[in-house]
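Encoded as structure tokens, the structure appears first; notes follow it.
Any read-out appearing in this document is the output of simple, stated calculations on the displayed coordinates, not a laboratory observation. Keep in mind the model is a prediction, meaning the values are calculated, not measured. All Cβ positions, glycine included, derive from the backbone under ideal geometry; neighbour counts span all protein chains shown.
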Amino acid sequence: MSGANASRGRFITLEGVDGAGKSTHVGWIAERIRSRGQEVVVTREPGGTPLGEQLRKLVLGEAMHIDTETLLMFAARREHLEQVIQPALQAGKWVISDRFTDATFAYQGGGRQMAAARIAILEDWVQGAFQPDLTFVFDVPTDVAAGRRGGREPASPGAASASDRFERENLAFFERVRDGYLRRAAQFPRRMKVINANRALESIQKELEEYLVVS
Ligand code: Z5A
């Protein structure tokens with residue numbers, strides 16, 4: 001991360017279209033890092049704080065203008081940074097977040113076609129130069145992701161479910177989201193690692209391990 005120092009923890013984010021497998025890998029990554037003696041905080045966006053979780057319910061459930069949707073993502077993020085992410089990093093903990101700002105560029109920028117320059121204004125406002133140290137983009141063809149979503153039960157209160165606004169979008173939307181992630185990863189290749197998630201879990205985790213060893 002920009003401005004990282006030796007005593008500060010590290011910030012890892014997981015991204016990808018719905019059903020790509022982020023949530024499947026969060027716990028595994030946390031355990032790998034804990035096994036190295038590090039303290040780990042696992043969190044998610046939108047959410048991660050009591051207020052953020054309320055905003056999550058609104059943004060996943062209520063129809064709203066694209067500007068409102070984007071502003072709420074960043075409002076939740078501001079709280080998340082202030083209350084969870086920054087304090088944990090400053091205390092030397094590692095933070096693993098299931099989604100962060102790259103999701104806004106992919107979903108609101110790619111999926112909903114909001115100009116990236118507008119999102120970048122909010123990014124600068126809310127987080128300045130702060131970025132994750134490492135981002136995994138789990139990449140799968142959108143039809144594979146859709147098949148995986150189809151076989152899933154909602155995992156927790158507020159979890160994405162078949163009834164949430166994003167999951168009701170069509171395949172073309174998810175194609176744009178996927179392209180949005182791949183474009184962003186091409187822009188920031190040192191930070192963002194595209195992981196082919198269309199293969200066996202063991203094979204994916206072997207690749208993740210290689211990146212974690214050098215983090
Ligand atoms: N959103 C946004 O628009 N803008 C923003 O800035 C942010 C978010 C931060 C909620 O996110 C929504 O918020 C999201 C984007 C929007 N859209 N939706 N819906 P979320 O992360 O909470 O919701 P989600 O994307 O649906 O995540 P998820 O439920 O956690 O899905 P996932 O992590 O991608 O997949 P999974 O649950 O780990 O795996 C799905 C199934 O596939 C499951 O049964 C697994 O066992 C299976 N799986 C996983 N990997 C494999 C492999 N390798 N082989 C076979 N099967 C597998």
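Near residue 193, which lysines are there with a Cα under 25 Å away, not counting those fewer than 8 places off in the same chain? Filter leaves 22, 93, 206.
The phi torsions of segment 70-86, fed into the Karplus equation with coefficients 6.51, -1.76 and 1.60 and a -60° offset, translate into couplings of 5, 5, 5, 4, 6, 5, 4, 5, 4, 5, 4, 5, 5, 9, 10, 5, 5 Hz, rounded to whole numbers, with Gly and Pro shown as x.
Here the Karplus relation 6.51 cos²θ - 1.76 cosθ + 1.60, evaluated at θ = phi - 60°, turns the backbone of segment 48-65 into coupling constants of x, 9, x, 5, x, 5, 5, 5, 4, 4, 4, 6, 7, x, 9, 5, 7, 5 Hz, with x for every Gly and Pro. Projecting the Cα positions of 146, 41, 17 onto the charge dipole of the chain (unit charges on Cβ atoms of Lys, Arg, Asp and Glu, taken about the Cα centre) puts 41 furthest along the positive direction.
Where Rh denotes the Kirkwood radius from the mean inverse Cα pair distance, what is Rg over Rh for segment 1-77? Before the final figure, lay out the partial values.
Values: Rg = 15.2 Å, Rh = 14.7 Å.
So for segment 1-77, dividing Rg by the Kirkwood Rh gives 1.04.
Of 62, 175, 123, which is the most mobile in a GNM of the chain whose springs link Cα atoms less than 10 angstrom apart? Result: 62 has the largest fluctuation of those listed. The packing ranking, built from the mean of other Cβ atoms within 10 Å per residue, places the peptides 126-138, 185-197 in the order 126-138, 185-197, highest first. Ordering 135, 71, 107 by Cα displacement along the dipole of the chain toward the positive end leaves 135 in first place; charges were set at the Cβ atoms of Lys, Arg (+1) and Asp, Glu (-1). Taking amide hydrogens as placed 1.01 Å from N in the peptide plane, the amide H of residue 94 sits under 5 Å from those of 10, 39, 40, 41, each at least 5 positions away in sequence or on another chain. Only Cα pairs under 8 Å and 6+ residues apart enter the sum, and on that basis the relative contact order of segment 59-123 stands at 36 percent. Evaluating 6.51 cos²θ - 1.76 cosθ + 1.60 at θ = phi - 60° for every residue in segment 89-106, the Karplus couplings come out as 4, 5, 7, x, 7, 8, 10, 10, 10, 7, 5, 7, 5, 4, 5, 5, 5, 7 Hz, glycine and proline recorded as x. Amide H to amide H, with H built 1.01 Å from N, residue 195 comes under 5 Å of 137, 138, 139, counting only residues 5 or more places away or on other chains.
When the alpha carbon gyration tensor of the chain is reduced to an equivalent ellipsoid, the three semi-axes, largest first, read 24, 21, 17 Å. Packing, taken as the mean count of other beta carbons within 10 Å per residue, orders the peptides 33-45, 103-115, 12-24 from highest to lowest as 12-24, 103-115, 33-45. Between segment 32-47 and segment 53-100, what's the alpha-carbon centroid distance in Å? So the two Cα centres are separated by 16 Å.
In percent, how large is the relative contact order of the chain, given Cα pairs closer than 8 Å and 6 or more residues apart?
Working: 321 pairs, mean separation 66.3, N = 215.
Relative contact order, the chain: 31 percent.
Counting only Cβ charges, +1 for Lys and Arg and -1 for Asp and Glu, the dipole size of the chain around its Cα centre is about 320 debye.
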